1. Give me the dipole magnitude in Debye, nearest 20, for the chain about the Cα centre, with unit charges on the beta carbon: positive for Lys and Arg, negative for Asp and Glu.
2. Considering only protein heavy atoms and a probe of 1.4 Å, how much of the accessible area of the chain is carbon and sulfur, as a whole percent?
3. Calculate for the chain the 222 nm mean residue ellipticity that helices alone would give, adding -39,500 (n - 2.57) per DSSP H run of length 4 or more and normalising by residue count, nearest 500 deg cm²/dmol.
4. Can you find, among Thr85, Asn55, Ala65, the residue farthest towards the positive end of the dipole of segment 51-95? Put +1 on the C-beta of Lys and Arg, -1 on that of Asp and Glu.
5. Give the cross-link partners of Lys69 among the aspartates and glutamates, using a straight C-alpha distance below 14 Å as the criterion and excluding same-chain residues fewer than 8 apart.
6. Relative to the compact-globule scaling 2.2 N^0.38 Å, provide the ratio for the alpha-carbon radius of gyration of the chain.
7. Please identify every one of the GluC sites (Glu not before Pro) in segment 33-95 that sits in a loop by DSSP and has no more than 15 other beta carbons within 10 Å of its own beta carbon.
8. What is the angle, in °, between the Cα long axis of helix 57-69 and the longest principal axis of the Cα atoms in the chain? Nearest 10 is fine, range 0 to 90.
Amino acid sequence: TNLSQLGISVAPANEVAGAGQQGIIVTDVDQSSPAGERGLRTGDVIIEIGGSNVNRTADLDEAIAKARKEGKSVILLRVKSQAGTRFVTLPVGRG
């Protein structure tokens, strides 16, 4: 999938105890990957992609595919962690 290229694994937040009902939780991060280099960590919850709410892991895959199709090189994620909420840009590479 597109996610393996970014170096993250995700699951719906509502399937993980304590993660809340909204968004998708990062379950694993390769620290040397694009996602790891931009500070994504296990336990972070992605709540928006490009300004749209996200609740299914497929939403992230679809957003990456759409960005590539539109010729964009990055997607903007809104990420909630214990430190608060922040924005992270992830490179999507080329399709």
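The values are calculated or read from the model by the stated rules, or taken from the named source; none is laboratory data. What you see is a predicted model; the values in this text were computed from it and never measured. FYI the Cβ positions are ideal-geometry reconstructions off the backbone, even for glycines, and counts take in every protein chain you see. Keep in mind that these areas ignore ligands, DNA and RNA; they rest on the heavy atoms of the full protein, side chains included. Shrake-Rupley method; radii C 1.70, N 1.55, O 1.52, S 1.80 Å.
1. 300 debye
2. 47 percent
3. Numbers: 3 runs with 22 residues, N = 95.
Helix-only estimate at 222 nm: -6000 deg cm²/dmol.
4. Sorting the options by dipole projection puts first Thr85.
5. In chain and number order, the partners are Asp61.
6. Working: Rg = 12.0 Å, N = 95, 2.2 N^0.38 = 12.4 Å.
Expressed relative to 2.2 N^0.38 Å, the Cα Rg reads 0.97.
7. Glu70
8. Value to nearest ten degrees: 20.
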